[in-house]
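Scroll down for the structure; my scribbles are underneath it.
The values are calculated or read from the model by the stated rules, or taken from the named source; none is laboratory data. As the structure is a computational prediction, the values presented were derived from the model and not from experiment. Every residue, glycine among them, receives a Cβ derived from its backbone with ideal geometry; neighbour counts consider all protein chains shown.
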């Protein structure tokens, strides 16, 4: 056999084998065993890419993720925070109140983040970023 034919065949076999194992099951094995919940959009997108390239392995990936429950977000967690709720973390000067932000994150995710850590790097946003979320800057 020619080298190019072997290379193409090997690449095709490797890509098919990676698609046969579902994305959610590979990336989040701790999610297996869930019965229902909110669907993780990242896993759906990765499985959809599998359908785009290889129909049968992509459908198998969806089937495995739904059968194992790995496609669902764990324990009712969401993948985003409502921008309306973020308005409450701004103080009168338009600065982010770290205590309020920490409380919001803790109520939404159940995880306590160390926002008072001196190693925390804070980056400022722009007006265009606020406009993308439908927020009006008020200072």
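For the subset of the stretch 123-139 comprising residues that are within 30 Å of residue 74 (Cβ to Cβ) and touching a residue at least 24 places away in the same chain (Cβ under 8 Å), which member is surrounded by the most Cβ atoms within 10 Å (Cβ to Cβ)? Looking at the filtered set, the residue picked out is 135. For the stretch 90-123, name all the residues that are touching a strand residue (DSSP E or B) at 6+ places or on another chain (Cβ under 9 Å), farther than 19 Å from residue 136 by Cα and modelled with pLDDT of 80 or more. Answer for the stretch 90-123, where residues must be touching a strand residue (DSSP E or B) at 6+ places or on another chain (Cβ under 9 Å), farther than 19 Å from residue 136 by Cα and modelled with pLDDT of 80 or more: just 100. Of all residue pairs spaced 6 or more apart or on separate chains, those with beta-carbon atoms under 6 Å, a first member in the stretch 22-41 that is more than 11 Å from residue 65 (Cβ to Cβ) and a second member that is at pLDDT 75 or above and not in a helix (DSSP H, G or I) are 33/69; 37/72; 37/73; 38/73. Within the stretch 17-50, the residues that satisfy the criterion of being at pLDDT 80 or above, buried (at least 16 other Cβ atoms within 10 Å of the Cβ) and part of a helix (DSSP H, G or I) are 43, 46, 47.
Of all residues in the stretch 82-95 being over 13 Å from residue 135 (Cβ atoms) and free of Cβ contacts under 8 Å to residues at least 12 places away in the same chain, which is farthest from the chain's Cα centre (by Cα)? For the stretch 82-95, the residue satisfying everything is 92.
For the stretch 94-113, which positions are farther than 25 Å from residue 73 by Cβ and exposed (fewer than 14 other Cβ atoms within 10 Å of the Cβ)? Residues satisfying the conditions are 94, 95, 99. Would you confirm whether any residue within the stretch 61-70 is within 21 Å of the chain's Cα centre (by Cα), in a loop (DSSP other than H, G, I, E, B) and at pLDDT 75 or above? The answer is yes; a qualifying residue exists.
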